[in-house]
Amino acid sequence: MTTEYLKRGKPASERSEDDAKVRAVVETTLKDIEARGDAAVRELSEKFDSYSPPSFRLSDDDIAGLIAKVPGRDLDDIRFAQTQVRNFAQAQRDSIVDIEVETLPGVILGHKTIPIQSVGCYVPGGKFPMVASAHMSVATASVAKVPRIIASTPPFKGEPNPAVIAAMHLGGAHEIYVMGGIQAIGAMAIGTETIDPVHMLVGPGNAFVAEAKRQLFGRVGIDLLAGPTETMVIADDTVDGEICATDLLGQAEHGYNSPAILVTNSRKLALNTLCEIERLLTILPTANTAAKSWEDYGEVILCDSYGEMLAVADDIASEHVQVMTDRDDWFLEKMTSYGALFLGARTNVANGDKVIGTNHTLPTKKAGRYTGGLWVGKFLKTHSYQKITTDAAAVEIGAYCSRLCLLEGFVGHAEQANIRLRRFGGINVPYGKGAS
């Protein structure tokens, strides 16, 4: 390969130092929440959000009052987006079926799908009110029929954001809290005097939110590690620098540490994109944020073939991958590691973020190598069961089981099979011996 970097981001060593600082802060904060509960949550909210209401949980009247502040057109748009998300999630749910099969005469095996019983949905909103994140987590959990859905979002400019609260409520949240960051994640997972802990945490967030979920995994389930937004544009000379630059900066504005990467086999496109980025940063209202992300985390990678572009993209395993080439379906067929694909110049990552119906909570930091994004199946557990309905089946399976247990030295296990050979088959298997 002759991969050439026309622009590089911050070195990996510096990124590791940043990650270590985040880990330490999160560990200390979670311990404080576990030790002091509501008092710690309140102090953290006062410190980071300058917000200390009588109750962090919104009452029904609070919710109704906030929704009344949302213009009718905005409510219609929220409902439209949630309909798209629900429709796709329901189609996914319908594809997951319970099964029961008779693998041998008298041997019945099956599995049934059960919703997670309680879920905490985090909806970012301290810097930008992430209305769409409520659709992706709350509405999708509702389609999965999770019995208890709680949702938490930071205050926006010192108070609950009406549109975010409306989206949470319309999405089906049973409890709504106005809390942000580590304190929200910790309170939902660990529990406090006033908040019952949940079984699972879902939703995107900044580096601190992602790290808190990572540290709490095992104590609770998590959807995935969805940290700062990542975007990659895979493009050839079928498109121009303006559309590539727009798609890169459109995601870089999420935060100061949002990787944005162009992978191309066209030097002309690469150079034009760099020029367009400089131009757009002079007029983009969120340029302060996007420019910092681009400076520290932006990259332009020039490859010599489509095969090399594919290899580079799969190695990076970016969260969002916008493909604009003369062979988009080829990339769909061949790519194995990513969060979500956005195929062709007519679509874009913002569609997926806000309205088209696929879920925008996606794996970051190479997690796309081993997991996909949030979907209705993440809110479901598949549990197996078995039953033997005839004496003959009990004897047939029991004989194999008896011998295989003793092969491993598990005498007590073997006796579980042997007693059934004696009871249901009239076979006298000596205690501690295998079936003959």
Just checking, how many residues over segment 175-221 are assigned to a helix (DSSP H, G or I) and not acidic (D, E)?
-> 19
Considering (1) β-branched (V, I, T); (2) in contact (Cβ under 8 Å) with a residue 40 or more places away in the chain; (3) open to solvent by 40 Å² or more (accessible area, probe 1.4 Å), say which one V209 fails and leave the rest.
-> (3)
Residues being in contact (Cβ under 8 Å) with a residue 24 or more places away in the chain and more than 29 Å from L224 (Cβ to Cβ): count how many of those fall in segment 69-96.
-> 4
Only one of (1) touching a residue at least 40 places away in the same chain (Cβ under 8 Å); (2) open to solvent by 30 Å² or more (accessible area, probe 1.4 Å) does not apply to E230, and that is (2)
If you scan segment 97-120, which residues turn out to be farther than 30 Å from E175 by Cβ and touching a residue at least 40 places away in the same chain (Cβ under 8 Å)?
-> L104, P105, G106, V107, I108, L109, G110, H111
Restricting attention to segment 102-130, and to residues there that are hydrophobic (A, V, I, L, M, F, W, C) and more than 16 Å from the chain's Cα centre (by Cα), which single residue is modelled with the lowest pLDDT?
-> F128
Checked segment 255-272 for anything more than 30 Å from the chain's Cα centre (by Cα) and either among the hydroxyl-bearing types (S, T, Y) or open to solvent by 20 Å² or more (accessible area, probe 1.4 Å) (or both); matches are N265, S266, R267, K268, L271, N272
Collect the residues in segment 227-249 that are out of contact with any His (no Cβ under 9 Å at 6 or more places or on another chain) and at pLDDT below 95, keeping them in residue-number order.
-> G227
Can you find a residue in segment 172-190 that is at pLDDT 95 or above and over 23 Å from D38 (Cβ atoms)?
-> yes
Can you name the residue in segment 286-306 that is β-branched (V, I, T) and modelled with pLDDT under 95 and is also farthest from the chain's Cα centre (by Cα) among such residues?
-> T286
Residue ID - modelled with the lowest pLDDT, chosen from residues in segment 423-436 that are surrounded by fewer than 16 Cβ atoms within 10 Å (Cβ to Cβ) and within 51 Å of the chain's Cα centre (by Cα) = G432
Considering only residues of segment 233-274 that are part of a loop (DSSP other than H, G, I, E, B) and among the polar types (S, T, N, Q), which is farthest from A345 (Cα to Cα)?
-> N257
Looking at segment 213-225, is at least one residue within 21 Å of E14 (Cβ to Cβ), surrounded by fewer than 24 Cβ atoms within 10 Å (Cβ to Cβ) and free of Cβ contacts under 8 Å to residues at least 24 places away in the same chain?
-> yes
Hey, any hits in segment 171-180 for a residue that's closer than 22 Å to F379 by Cα, β-branched (V, I, T), open to solvent by 10 Å² or more (accessible area, probe 1.4 Å) and touching a residue at least 60 places away in the same chain (Cβ under 8 Å)?
-> no
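Condition check ((1) within 30 Å of A141 (Cα to Cα); (2) open to solvent by less than 20 Å² (accessible area, probe 1.4 Å); (3) under 24 Å from the mean Cα position of the chain (by Cα); (4) not aromatic (F, W, Y)) across all residues:
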| residue | (1), (2), (3), (4) |
| --- | --- |
| L332 | yes, no, yes, yes |
| Y338 | yes, no, yes, no |
| V349 | yes, yes, yes, yes |
| P363 | yes, yes, yes, yes |
Quick check: is even one residue across segment 324-347 touching a Leu at 6+ places or on another chain (Cβ under 9 Å), outside any helix (DSSP H, G or I), over 28 Å from L201 (Cα atoms) and touching a residue at least 60 places away in the same chain (Cβ under 8 Å)?
-> yes
Going through segment 217-243 one residue at a time, which ones are under 25 Å from R369 (Cβ atoms), among the acidic types (D, E) and touching a helix residue (DSSP H, G or I) at 6+ places or on another chain (Cβ under 6 Å)?
-> D223
Which number in (1) part of a helix (DSSP H, G or I); (2) of a type in the set (S, T, Y); (3) surrounded by 12 or more Cβ atoms within 10 Å (Cβ to Cβ) marks the one condition that S13 misses?
-> (3)
Exception for F48 within (1) open to solvent by 70 Å² or more (accessible area, probe 1.4 Å); (2) within 19 Å of G125 (Cβ to Cβ); (3) in a helix (DSSP H, G or I); (4) modelled with pLDDT of 95 or more falls at (4)
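The values are calculated or read from the model by the stated rules, or taken from the named source; none is laboratory data. Computed from a predicted model, the values in this text were never measured in an experiment. As a convention, Cβ positions derive from the backbone with ideal geometry for all residues, glycine included, and neighbour counts pool all protein chains shown. Note: accessible area is taken over every heavy atom of the protein model, side chains too, but ligands, DNA and RNA are not part of it. Shrake-Rupley method; radii C 1.70, N 1.55, O 1.52, S 1.80 Å.
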